1. Apply the Karplus curve 6.51 cos²θ - 1.76 cosθ + 1.60, θ = phi - 60°, to the phi angles in segment 183-189 and return the couplings in whole Hz, x for Gly and Pro.
2. Do you know the relative contact order of the chain, to the nearest whole percent, from alpha carbon pairs under 8 angstrom that are 6+ apart?
3. Amide H to amide H under 5 Å from I187: which residues, 5+ apart in sequence or cross-chain, H placed 1.01 Å off N in plane?
4. Given the C-alpha centroids of segment 135-152 and segment 52-71, what is the distance between them in whole angstrom?
5. Could you go through segment 137-145 in sequence order and give the Karplus-derived ³J(HN,Hα) for each residue, using 6.51 cos²θ - 1.76 cosθ + 1.60 with θ = phi - 60°, rounded to whole Hz, and x for Gly and Pro?
6. Accessible area of the chain with a 1.4 Å probe: how many percent of it is carbon plus sulfur?
7. Label T146 and R118 with points 7 Å out from Cα along Cα→Cβ: what is the distance between them in nm?
8. Quick check for you: with a 1.4 Å probe and neighbouring chains kept, what is the accessible area per residue of the chain, in Å²?
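The values are calculated or read from the model by the stated rules, or taken from the named source; none is laboratory data. Every value quoted in this text rests on a predicted model; they were computed, and no experiment measured them. Here the Cβ positions follow ideal geometry from the backbone for every residue, glycine too, while neighbour counts run over all protein chains shown. The protein model used for the area step is the full one, side chains on, heavy atoms only, and it has no ligands, DNA or RNA in it. Shrake-Rupley method; radii C 1.70, N 1.55, O 1.52, S 1.80 Å.
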Amino acid sequence: MQLAGLALYAESVWVTADPYKVYPILGVSGKDDVYAGAWISIFTGFAFFCICVFGIISLVRGSRLMVLLYLVLILVVYLFECASCITAYTHRDFVVSNSNLVTKQMLTYYSADTHQGRELTRMWDRFMMEQQCCGTNSPMDWVNYTSVFRGRYPEVVAPWPFYCCKRDPNFVIINEEGCRLGHVDYINTKGCFEHIKHAVDSYAWGVSWFGFAILMFTCPVVLLVIYHYTTM
């Protein structure tokens, strides 16, 4: 159980470190509860470890009062971890259920001269270059809808950001004019939503299902301690 607590702690630290760098999407939407669940799990994971150490000492000493205190503490942490799992699981669907939210954010904030706009612009530029994708669903997102980007760049000049263009191994655009015209050999045609969905799913499942697994393991341990307490 101590190792399970440390594993939960490590998993939650990985989520809060945001290796996929998708936090700006969740932060702007105000639905970053997946990260809230991860922060709770950091506390509960470390608390599980510390309380288990205390429980071992309690059983070695054979103190009913210490064992009772252990049961109270483990119950409190157990409830916090339940809240963490439920929070991460229930708020996952807000982002990944469909691409409309992500598309609206992209069109509203990409190229906007605000703090949120600059943050989301950097994120989208990195996604489109590293994942070789364009827009949320396809490059046509930039053409079919009104956006801040379109207000700054006419369609004849830049129908989509040039980060959508295919590049050589040195990250140099292969053919800028071909990309501007939308030739399939020079523009990335897939959308970035699958990458974003995979990232959010990885965070949510990591916090919720891994947490649920630890809770299932903790339950019989606590029941055994309760039985031992009644026989002391």
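1. Values per residue, Gly and Pro as x: 5, 5, 7, 10, 9, 6, 9 Hz.
2. Working: 310 pairs, mean separation 59.9, N = 232.
Once divided by the residue count of the chain, the mean separation gives 26 percent.
3. So I187 has HN proximity to K166.
4. Distance between centres, Cα-based: 61 Å.
5. 10, 5, x, 5, 4, 6, 9, 7, 10
6. On the way: 7650 of 11940 Å².
The nonpolar share, carbon plus sulfur, comes to 64 percent.
7. Modelled inter-label distance: 2.7 nm.
8. 51 Å²
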